1. Considering (1) in contact (Cβ under 8 Å) with a residue 40 or more places away in the chain; (2) open to solvent by less than 60 Å² (accessible area, probe 1.4 Å), say which one Lys109 fails and leave the rest.
2. Quick one: count up the residues across the stretch 69-95 that are surrounded by 13 or more Cβ atoms within 10 Å (Cβ to Cβ), on the phi > 0 side of the Ramachandran plot and either in contact (Cβ under 8 Å) with a residue 24 or more places away in the chain or part of a strand (DSSP E or B) (or both).
3. Assess whether Pro63 counts as being open to solvent by less than 70 Å² (accessible area, probe 1.4 Å) and without any contact (Cβ under 8 Å) to a residue 12 or more places away in the chain.
4. Mind checking which residues of the stretch 32-54 are part of a strand (DSSP E or B), within 16 Å of the ligand (Cβ to nearest atom) and either among the polar types (S, T, N, Q) or in contact with a Gly (Cβ under 6 Å, 6 or more places away or on another chain) (or both)?
Amino acid sequence: MNFKITTLLTLAATVIAAPNPTPVEAAEVESRAVTLIELWGDSNFLGLKYTGKGDLGYCYNLPGDFNDYITSGKAYSGYVCTTWVDKNCYGTGFSFLSSSKFPTWIDNKSSSWMCEKY
Ligand SMILES: *[C@@H]1O[C@H](CO)[C@@H](O)[C@H](O)[C@H]1NC(C)=O
């Protein structure tokens, strides 16, 4: 086997091996998701509570039980959070650090959320 062919085979093996993350790497990605937001069904942080874990700058849809249900919310310390009236962070958004009662136009209407560094 000449040198050129050996090199090509080695490169091919590297390319095939690279994209498969090991289970350890997958677990590390998972563990980076931190608690960013708390949302409640009633005003003044009362009623059923949704705790949102995730990554900064990513949009999350509220699960069915909490969709169109939220009336108050808090961003965890160091973050500012926004909820949107539509899924996938579309429509009109309301940003807050802490809101004991969402404005009427988005009260019981939040469908998705995202947090960023404050
Ligand atoms: C939001 O839902 C609560 C509980 O069902 C209700 O009391 C409140 O009037 C609703 N707010 C709006 C703006 O519809």
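The values are calculated or read from the model by the stated rules, or taken from the named source; none is laboratory data. All values reported here derive from a predicted model rather than from experimental measurement. We place every Cβ from the backbone using ideal geometry, glycine too, and count neighbours over all the protein chains shown. Note: accessible area is taken over every heavy atom of the protein model, side chains too, but ligands, DNA and RNA are not part of it. Shrake-Rupley method; radii C 1.70, N 1.55, O 1.52, S 1.80 Å.
1. (2)
2. 1
3. So Pro63 does not fit the description; no.
4. Just the residues of the stretch 32-54 that are part of a strand (DSSP E or B), to begin with: 34-42, 46-54.
After this cut, where a residue has to be within 16 Å of the ligand (Cβ to nearest atom) as well, the list is 39-42, 46-50.
Answer for the stretch 32-54, where residues must be part of a strand (DSSP E or B), within 16 Å of the ligand (Cβ to nearest atom) and either among the polar types (S, T, N, Q) or in contact with a Gly (Cβ under 6 Å, 6 or more places away or on another chain) (or both): Leu39, Trp40, Gly41, Gly47, Leu48.
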